[in-house]
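Report on one structure; see the data block that follows.
Bear in mind these aren't lab numbers, they're just calculated from the coordinates by the rules spelled out. Since this is a predicted model, take the numbers as computed values, not measurements. Glycine also receives a Cβ, built like all others from the backbone with ideal geometry; neighbour counts cover every protein chain displayed.
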Amino acid sequence: MRKTGLVYDPVFMKHDTGSHPENARRLKYIMDALEDYGIRGKMTAIEPAEATVEQIAAIHRPEYIQKVADFAAAGGGYLDPDTAVSPRSYEAAVKAAGGVITAVDHVMAGEVDSAFALVRPPGHHAVAGRSMGFCLFNNIAAGTCHAREKYGLERILVVDWDVHHGNGTADTFYHDPGVLYFSTHQQGIFPGTGRISEVGAGPGEGYTVNIPFNRGTGNEGIYFAFTQLLEPIARQYRPELIMVSAGFDAHYSDPLAGLAMTVEGYIKIAEIVKNLADELCGGKLVAALEGGYNLGVVGHAVSAVVNVFGEYGITVDEPGGTPPGGVSPLMRMPVDEAIKVQKRYWDL
Ligand SMILES: [Zn+2]
């Protein structure tokens, strides 16, 4: 068994988005599942600190931070066509970013081996000057910047397995070789970025890896990206910490997307990432919740990933069984194309 932290705070439920797909019930279902599987009691509870304005300003412009605060204080509404804000959303968002920062602190101090930050609002679409795609502040980017500033880390790997491209995170570190951003996502859906040709720029060229998959790609295609691209690149990059933008909307029954992963698929990629952390950086691994909108799935999927991180040996259910449809040879095509491009930078 490995010590795994659980970052949670009731204020995350107070980001009240009503009937929006990204709503507070997601966290309730996840917490209930962790309890039902007997996982929650095995985890180390970590109370998140609020991020300071300076910590958020490492990613976001001060006037945007103030705008979110003012908008929430004025009662909220929609900050952009996708992103709802309620009176306590600023408070929740500050603690969501702070939650990932606190998780980094606990992992770096060796108090836990890994940590899962069960935060909302999610973060990976938020860019320097505006909200996007249900995200107010970029939690994973804030945690990553904190890890560099406080602990002087020079190489951090960010793995983003949410079904959407994490454009905010990618933008933040696009010119930066100190953060390697690796994303698998569905092409043709929000936010429209994340092409294979987006490889980073300037000193950051070669430190962004995008694998956009076609609708219907299942476990096997995603798994192929992790074994053929992530594993060799991570071994050559030698990260000192691995961060995960853990979205669960690539599940086949998710209402917002059309990749065809199962809980078993999440277990496989979580094992790959955990094993890389063990091999390369003393197991130091911090994951933060991003998307995942099927309430019947998210709790099982998060439990399955935490079960891998903690080596608890618990069997997690596959809700709804396996998806319809067979394995298509086409699903590997984006990986082969990405390998051709990334070969310029890595021995693949
Ligand atoms: Zn997503």
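Worth pointing out:
- In the chain, helical runs assigned H by DSSP with n ≥ 4 each contribute -39500 (n - 2.57); averaged across all residues and rounded to the nearest 500, the mean residue ellipticity at 222 nm is -11000 deg cm²/dmol.
- Simple Cβ-charge dipole of the chain, Lys/Arg +1 and Asp/Glu -1, about Cα centre, in debye nearest 20: 200
- Dimensionless Rg ratio for region 1-147, taking C-alpha atoms and the 2.2 N^0.38 Å reference: 1.02
- Residue list for region 55-91, given a label point 7 angstrom along the Cα-to-Cβ vector of A128 and an amide N cut-off under 19 Å: 55-68
- Cα Rg over Rh - region 167-220, Kirkwood: 1.01
- Membrane-span-like helices in the chain, defined here as complete DSSP H runs extending at least 15 Å along the helix axis by their C-alpha atoms with mean Kyte-Doolittle hydropathy no lower than -0.5, are 62-73, 89-108, 263-280, 295-310; this is a sequence and geometry rule, not a statement about a membrane.
- Secondary structure note: in the chain, about 15% of the DSSP beta bridges are antiparallel.
- Charged-residue dipole, Cβ positions (Lys, Arg, Asp, Glu), region 4-69 about Cα centre, Debye nearest 20: 140
- Taking 0.36 nm per residue of sequence separation and removing the Cα-Cα distance, the T52/A109 pair yields an extension gain of 18.5 nm.
- Separation of alpha-carbon centers, region 160-230 and region 307-321, rounded to whole Å: 26
- In this calculation the C-beta distance from T322 to N275 is compared with R0 = 25 Å, giving a FRET efficiency of 0.55.
- Selected from H125, I222, V335, residue furthest toward positive end of dipole (the chain; charges at beta carbon): V335
- When every Cα-Cα distance of region 4-342 is counted in 20 angstrom steps from zero, the calculated P(r) takes the values 35, 61, 4 percent.
- Given K274/K340; K95/K268; K3/K343, the pairs whose alpha carbons are separated by over 32 Å: K3/K343
- The label point for E337 and the one for E149, both projected 7 Å from the Cα toward the Cβ, are 3.8 nm apart.
- Here the gap between L348 and R195, fully extended at 0.36 nm per residue and compared with their Cα-Cα distance, gives a gain of 53.2 nm.
- Positive end of the dipole of the chain (Cβ unit charges, origin at the Cα centre): among V179, G296, A147, the Cα lying farthest that way belongs to V179.
- Counting other Cβ atoms within 10 Å as a rough exposure proxy, the listed residues D347, D278 run D347, D278 from fewest neighbours to most.
- Cα-based Rg of region 128-220 normalised by 2.2 N^0.38 Å, two decimals: 1.08
- Span from the region 236-266 Cα centroid across to the region 97-156 one, whole angstrom: 17
- Two-site FRET efficiency, R238 against K14, from Cβ-Cβ distance with R₀ of 56 Å, rounded to 0.05: 0.90
- Computed about its Cα centre, the charge dipole of region 60-169 is approximately 180 debye, with only Lys, Arg, Asp and Glu carrying charge at their Cβ.
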